Amino acid sequence: MMEEISIMVAYDAHVFSQLHDEDFLTSLVAISKPRSMVPIKKLKKYEKEYQTMRESQLQQEDPMDRYKRENRRLQEASMRLEQENDDLAHELVTSKIALRNDLDQAEDKADVLNKELLLTKQRLVETEDEKRKQEEETAQLKEVFRKQLEKAEYEIKKTTAIIAEYKQICSQLSTRLEKQQAASKEELEV
């Protein structure tokens, strides 16, 4: 069926290229002129006339020439299709190579990002460990300073109490000394 259609199309193209019949050309020009409206009956009539004329020309043409022409047309179509196939195959290979390169680059980038992620995670763990250790050290230092502060406050209180006691003793001794000096003066004056 496809061969018949392609043969008919090729033949139609050949027939139109070799038409020398003035009457037929005139009638085609008359038919092809734009009209406001062509009745369907006339169109069917023209179609029947065209089909009849085409069949008569097909019968008049040498089948060998027709087959040679069809063979040449098919060979040209085959070569054109082979060229298109080669072009498409080349484009496919090129696009596959480009896609593979893109995939390789994406995989390389993913590897680099994974390595960076692992390093960042490792640094995060190390930083968290260091932070925890520093917090423990800070807590220990706070405890040591708190104990030292308590001890210092206790020492200050103790020292303050000793000083107050010393002042009281000194005051008592001063008062006693003054009393003894006054008593000695009185004894000397008598």
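The values are calculated or read from the model by the stated rules, or taken from the named source; none is laboratory data. Values in this document were obtained by computation on a predicted structure and should not be read as measured data. Cβ sites come from the backbone with ideal geometry, for glycine too, and all protein chains shown count toward neighbours.
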Q. Restricted to segment 37-58, and to residues that are in contact with a helix residue (DSSP H, G or I) (Cβ under 8 Å, 6 or more places away or on another chain) and closer than 25 Å to ARG69 by Cα, which residue is modelled with the lowest pLDDT?
A. LEU58
Q. If you check GLN181 against the conditions, is it out of contact with any Gly (no Cβ under 8 Å at 6 or more places or on another chain), modelled with pLDDT under 95, in a helix (DSSP H, G or I) and surrounded by 10 or more Cβ atoms within 10 Å (Cβ to Cβ)?
A. yes
(Q) List the residue pairs whose Cβ atoms are under 7 Å apart, where the first residue sits in segment 57-79 and is part of a helix (DSSP H, G or I), the second is surrounded by 10 or more Cβ atoms within 10 Å (Cβ to Cβ), and the two are 6 or more positions apart or on different chains. (A) GLN57/VAL15; LEU58/TYR11; ARG66/TYR11; ARG69/ALA10; ARG69/HIS14; GLU70/ILE7; GLU70/ALA10; ARG73/ALA10
Q) Between residues in segment 45-56 that are touching a residue at least 60 places away in the same chain (Cβ under 8 Å) and residues that are in a helix (DSSP H, G or I), which pairs lie under 6 Å by C-beta distance while being six or more apart or on different chains? A) none
